[in-house]
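Here is the structure we will look at, set down as structure tokens.
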């Protein structure tokens with residue numbers, strides 16, 4: 001049985017060894033009991049989500065070489081203000097999620113962060129009980145996760161978290177690179193100023209985003225703008241499916257190489273500039289290298 005509690009999520013994280021992540025956990029773990037005491041009425045699922053944001057926020061602080069102390073730091077993620085050392089304060093602007101979105105967000109984030117490792121069993125009734133929802137939104141959320149390639153569903157509708165298969169990622173990169181020339185040419189012909197503006201907005205958000213699950217979601221939305229701009233139905237279907245299926249590898253790559261996120265964010269702006277200048281050759285060169293970033297991170301770690 002999978003237990004989606006804050007302490008279990010932090011204590012049993014199954015991401016690959018990462019000294020910086022260990023330092024983050026040592027800094028963040030002592031805050032969890034204090035924050036529960038301060039906010040006893042905060043729903044469990046909201047605590048799970050907030051604690052994940054705190055960990056990513058602390059990670060960003062350490063990456064900048066700053067100490068984690070009693071200074072106040074503000075996160076724009078869903079309007080949540082976080083005060084390190086003093087607990088958590090939810091702003092009035094925090095949105096109310098639907099039950100399906102809430103379950104989907106909690107499970108997707110736990111999978112992408114490595115807290116639900118490959119092989120974990122997701123039983124609908126157990127999850128519904130832990131998140132205080134009915135089984136209907138859990139069933140819908142698990143169906144969405146299966147369509148994204150994050151889990152499989154057995155004959156009894158029990159979800160099994162998929163093990164990242166890096167051989168599959170190799171195939172996905174090869175297919176993407178084979179299609180990129182066609183996709184770039186079609187998108188360059190058809191993309192509108194409004195679509196480029198929407199893509200640039202996402203790129204700016206990605207450059208500041210620290211929450212892994214949210215980053216992967218926005219990254220997918222960013223690239224799908226260009227895929228859909230090809231106006232070629234079958235090509236769009238293939239590219240979107242590959243983009244969504246690669247999300248777990250994108251997330252794992254960030255655990256393997258934390259610097260990958262900023263490199264990817266920089267390339268997003270380079271791609272936007274190439275499209276703005278209608279420079280097909282540069283856009284193709286950027287995109288062919290960009291799609292292989294997760295694989296590069298994996299192969300680099302394996303070589304070590």
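The values are calculated or read from the model by the stated rules, or taken from the named source; none is laboratory data. If you're wondering where the values come from, they're calculated on a predicted model, not measured in any experiment. Cβ placement follows ideal geometry from the backbone for every residue including glycine, while neighbour counts extend to all protein chains displayed.
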Problem set entry | Qualifying residues in the range 142-158 (those that are in contact (Cβ under 8 Å) with a residue 40 or more places away in the chain and in a helix (DSSP H, G or I)) - the one surrounded by the fewest Cβ atoms within 10 Å (Cβ to Cβ) | 147
For this session: Report yes if some residue within the range 162-180 is at pLDDT 90 or above and assigned to a loop (DSSP other than H, G, I, E, B); otherwise report no.
Result: no
Problem set entry | Residue check, residue 281 closer than 16 Å to residue 180 by Cα, under 15 Å from the mean Cα position of the chain (by Cα) and either outside the structural domain of residue 175 (by TED's automatic domain parsing) or part of a helix (DSSP H, G or I) (or both) | no
Exercise. Taking only pairs six or more apart or across chains, which ones have beta-carbon atoms under 9 Å, a first residue in the range 279-299 that is without any contact (Cβ under 8 Å) to a residue 12 or more places away in the chain, and a second residue that is surrounded by fewer than 17 Cβ atoms within 10 Å (Cβ to Cβ) and not in a helix (DSSP H, G or I)?
Worked result: none
Seminar exercise, completed: Restricted to the range 118-130 and to residues being within 25 Å of residue 241 (Cα to Cα) and surrounded by fewer than 17 Cβ atoms within 10 Å (Cβ to Cβ), the residue nearest to the chain's Cα centre (by Cα) is 118
Seminar exercise, completed: Turns out the helices (runs of 4 or more DSSP H) fully within the range 184-270 with at least 1 residues that are modelled with pLDDT under 90 and either crowded, with 21+ Cβ neighbours inside 10 Å or at positive phi (or both) are 212-228, 247-256
Exercise. Hey, does the range 131-141 have a residue that's touching a residue at least 60 places away in the same chain (Cβ under 8 Å), surrounded by 17 or more Cβ atoms within 10 Å (Cβ to Cβ) and either in contact with a strand residue (DSSP E or B) (Cβ under 6 Å, 6 or more places away or on another chain) or within 22 Å of residue 248 (Cβ to Cβ) (or both)?
Worked result: yes
For this session: Search the range 73-126 for residues being closer than 17 Å to residue 137 by Cβ and part of a loop (DSSP other than H, G, I, E, B), and hand back the single one that is modelled with the lowest pLDDT.
Result: 95
